[in-house]
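The structure appears right after this line, and notes come after that.
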Amino acid sequence: MEGRNLEKQPVIEMLGITKRFVDVTANDRVDLSLYPKEICALLGENGAGKTTLMNILFGYYLLDEGEILIHGEKVTFGSPKDAITHGIAMIHQHFTLVPIQTVLENVMIGVEGKFFLDKKSARKRLIEIEERFGLALGPDLLVWTLSIGEQQKLEILKALYREAEILIMDEPTAVLAPTEIEELFKTLRTLVDNGRSVIFISHKLHEVLEISNRIVVLRSGKNVAERKTSETNIPELANLMVGRELLERLKRKEIETGAAVLEVKGLRVRNSRGLIAVDGLDLTLRSGEVVGIAGVSGNGQTELSEALFGQIRPEEGILILGGEEFPGVKPSEVIRRGMARIPEDRIGTGLFMDLSVKENMVLENHVQEPFSRRGLTNMKEIRSFASGCIENFQVKTDGMEAPVKSLSGGNLQKVILARELAGNPKIVVACQPTRGLDVGAMEYIHQVMLKQKERGAGVLLISDDLDEIFLLSDRILVMYEGKILGEMNAEEANREQIGLWMSGVTS
Ligand SMILES: Nc1ncnc2c1ncn2[C@@H]1O[C@H](COP(=O)(O)OP(=O)(O)OP(=O)(O)O)[C@@H](O)[C@H]1O
Ligand SMILES: [Mg+2]
């Protein structure tokens, strides 16, 4: 017996968990314990099996082998309902809220048993929980008016309302702005102070070091290591995850910039609620440079990219692509003019989840040469293109015929990148290109972006990850409330100034 087990009984023990999908063993005899008042981080490359393991714990998948003990008692979960009854809650990355209902109504949905209360008592209980955990959120606010960070708070409130003892959080920070991440961490600390335990998944190693007590690393579906957080560091964790040292810090090469490939003048765009999201924005992107757009998400970045992608019609302003004014609002037109698009919402706009990896890789150009000649689809070309993409981008999949919905989050992103960058685009507009990617994949994508610039493309990088912006950009623009508030060259850029602009301070 390990000494630790004698000190404290784990809340959860997952023992020898195996889960097979058709051709992959996503979890191969995995062990995972969670102790009371602990934040345990689960680390691993894209496709390592983290989400699968959590879906098993949450009763969403049936396990093939192994057992789960809760407070030492063996349990069998047939559905998430069973897991919830045992005090387990899972906060998914894609929230499961009803937008047209209020915070209180959402908390009450699906509640049975002793917390099935009338609205008045439910409100009282909700407010008590909000106060106890420092999670203030007006009970009568409509969910569609909430920011992403607030929606996540609501998911946590829902869990606490059901008396969850264990919270599983699968990449909760991937969608949050830096200040929201700090708030989430405060909440997590309050949760453990109040006797809860948390399983926390993130690809950002510094976050894992900041918030967890213990770290479990999976690789290819197996346990590879376990560390106390206080006894490890970023290089060791990266090595444990990807099985190699990370490369040296990337070297950004200055190269001669060429003509403007993209110009934006006086752009005004309304968001889906009819409010001005981009407010008279100007920018120029030249060939051979990476221009980074920094900013807290929600300051018009998404709408800017959608207008650039031809998805929404700007209210005012001019877009010039490759020296030619661009009148249309069709994605196929922007693609034809040499733009590659890496959308922020990979599931909503980037991929068709029911189609295969191969089909997704030729989604936008399957009717063009060489994939189609005189109206005939050339399957051989498509297959060889797809297998090249899978190899170059190290997409982890059962093969090109597998539906993309069977891919892990990071691998979905690789499919989009492979497809978009294959045609040597002149302009690359990348929105949060490495969100959800593991450190190895992220490093790879960063190299790919720099290569795009070195071969003469102009890269517009929209990211709320400041590290990424600093690492790749030759020029940094800061977007705030729909406008560019400031601009700096890479050499003179300093984080403090950028941070001030990001919060709207100009001096
Ligand atoms: N429903 C499914 N059908 C078939 N294969 C699946 C399914 N879900 C997951 N897989 C496969 O199981 C493996 C583990 O996937 P999982 O989503 O657990 O990885 P992950 O560690 O969460 O990765 P990421 O960091 O990218 O989110 C992958 O190879 C994935 O393609
Ligand atoms: Mg996952």
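How many of the residues in region 16-43 are of a type in the set (Ser, Thr, Tyr) and within 11 Å of ligand 1 (Cβ to nearest atom)?
Residues meeting the conditions: 1.
Would you point out which residue out of Glu226, Glu231 is touching a strand residue (DSSP E or B) at 6+ places or on another chain (Cβ under 8 Å) and open to solvent by 60 Å² or more (accessible area, probe 1.4 Å)? Before you say what the answer is, go through the steps one by one.
Values: Glu231 fails: touching a strand residue (DSSP E or B) at 6+ places or on another chain (Cβ under 8 Å).
Every option except Glu226 fails the conditions.
Of all residues in region 388-406, which are near ligand 1 (Cβ under 8 Å from one of its atoms) and under 18 Å from Tyr444 (Cα atoms)?
The answer is Lys396, Thr397.
Are there any pairs with C-beta distances below 9 angstrom linking a residue in region 128-148 that is modelled with pLDDT of 90 or more to a residue that is assigned to a strand (DSSP E or B), with the two at least 6 apart or on different chains, and if so which?
Note: pairs meeting the criteria are Gly138/Thr102; Pro139/Thr102; Asp140/Thr102; Leu141/Thr102; Leu142/Thr102; Val143/Thr102.
Taking region 44-78, which residues are among the small types (Gly, Ala, Ser) and either free of Cβ contacts under 8 Å to residues at least 60 places away in the same chain or more than 12 Å from ligand 1 (Cβ to nearest atom) (or both)? Let's see the steps before the verdict.
Taking region 44-78 first, the residues among the small types (Gly, Ala, Ser) are 44, 47-49, 59, 66, 72, 78.
Gly59, Gly66, Gly72, Gly78 - these are the residues of region 44-78 that are among the small types (Gly, Ala, Ser) and either free of Cβ contacts under 8 Å to residues at least 60 places away in the same chain or more than 12 Å from ligand 1 (Cβ to nearest atom) (or both).
When only residues in region 301-349 that are of a type outside the set (A, V, I, L, M, F, W, C) and part of a strand (DSSP E or B) count, which is farthest from Val448 (Cα to Cα)? Break it down into steps so the answer makes sense when it comes.
At the first step, the residues of region 301-349 found to be of a type outside the set (A, V, I, L, M, F, W, C) are 301-303, 305-306, 310-311, 313-317, 322-325, 327-328, 330-333, 336-338, 341, 343-346, 348-349.
From the residues that got through so far, the ones that are part of a strand (DSSP E or B) too are 316-317, 324-325, 341.
Values: Glu316: 34, Gly317: 31, Glu324: 27, Glu325: 29, Arg341: 14 Å.
Going through the qualifying residues, I end up with Glu316.
For the list (1) surrounded by 14 or more Cβ atoms within 10 Å (Cβ to Cβ); (2) under 23 Å from Leu466 (Cα atoms); (3) modelled with pLDDT under 95, I need the number of the one condition that Met339 fails.
Every condition holds for Met339 apart from (2).
Can you find a residue in region 369-377 that is of a type in the set (A, V, I, L, M, F, W, C) and exposed (fewer than 13 other Cβ atoms within 10 Å of the Cβ)?
Yes, because at least one residue in region 369-377 is of a type in the set (A, V, I, L, M, F, W, C) and exposed (fewer than 13 other Cβ atoms within 10 Å of the Cβ).
Hey, does region 93-100 have a residue that's β-branched (Val, Ile, Thr), open to solvent by 50 Å² or more (accessible area, probe 1.4 Å) and closer than 28 Å to Ser33 by Cβ?
yes
Taking only pairs six or more apart or across chains, which ones have beta-carbon atoms under 7 Å, a first residue in region 99-120 that is more than 15 Å from Ala159 (Cα to Cα), and a second residue that is open to solvent by 50 Å² or more (accessible area, probe 1.4 Å)?
Pro99/Trp144; Ile100/Leu142; Ile100/Trp144; Thr102/Asp140; Thr102/Leu141; Thr102/Leu142
The values are calculated or read from the model by the stated rules, or taken from the named source; none is laboratory data. Values in this document were obtained by computation on a predicted structure and should not be read as measured data. Neighbour counts run over all protein chains shown; Cβ positions are idealised from the backbone, glycine included. Please note that ligands, DNA and RNA were not included when accessible areas were found on the heavy atoms of the full protein model with its side chains. Shrake-Rupley method; radii C 1.70, N 1.55, O 1.52, S 1.80 Å.
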